[in-house]
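See structure below.
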Amino acid sequence: MTQPNTIKIDEVEYVRKDQARPSRNTAGMDYCIIRSREQGVMCGYVEAINGRSVKLHSARQIWAYDSTFVLPDIAEHGPRNASKMQMSVAMSQPMIMLEACGVLTCTANAAEALRQVPAMKK
């Protein structure tokens, strides 16, 4: 049985805590996949890019994905098989990613699909 993501009480809609959006207003920020030279691959809301430094909100590390589906495909279409992806939790604090070597802006559908991938369990 799947749990609902929202519940409505007296015409007010509430969101499950583990499904809540970041408290930081990310309106206007692009959700992107960022590859770095030494840190691997992250995704999140990009606030700023300064040279090779990228400031992210709700950053998640992508540890594994279907290797026959490359990152530009994931940015465009979302993960092909989310059950094969391994991702961290979304960080509650902003992150500065150093040595970024690629920033891929996600489509709205791809961004939503990435946000829905469950975090790895301990």
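Which whole-number percent gives the relative contact order of the stretch 22-116, counting Cα pairs below 8 Å spaced six or more residues apart?
34 percent
Using R0 = 25 Å, the C-beta based FRET efficiency linking Asp30 and Asn81 works out to 0.55.
Applying the criteria of a DSSP loop state and at most 12 other Cβ atoms within 10 Å to the GluC sites (Glu not before Pro) of the stretch 34-77 yields Glu38. Coupling constants for the stretch 86-98 follow from the phi torsions by the Karplus curve (6.51 cos²θ - 1.76 cosθ + 1.60, θ = phi - 60°), and in residue order they are 10, 9, 7, 6, 6, 5, 7, 10, x, 10, 9, 9, 9 Hz; glycine and proline get x.
Bear in mind that the values in this text are calculations on the coordinates, not laboratory data. Because the structure is predicted, anything quoted here is derived from the model rather than measured. Because the Cβ atoms are built from the backbone with ideal geometry, glycine has one as well, and the counts that use them run over all protein chains shown.
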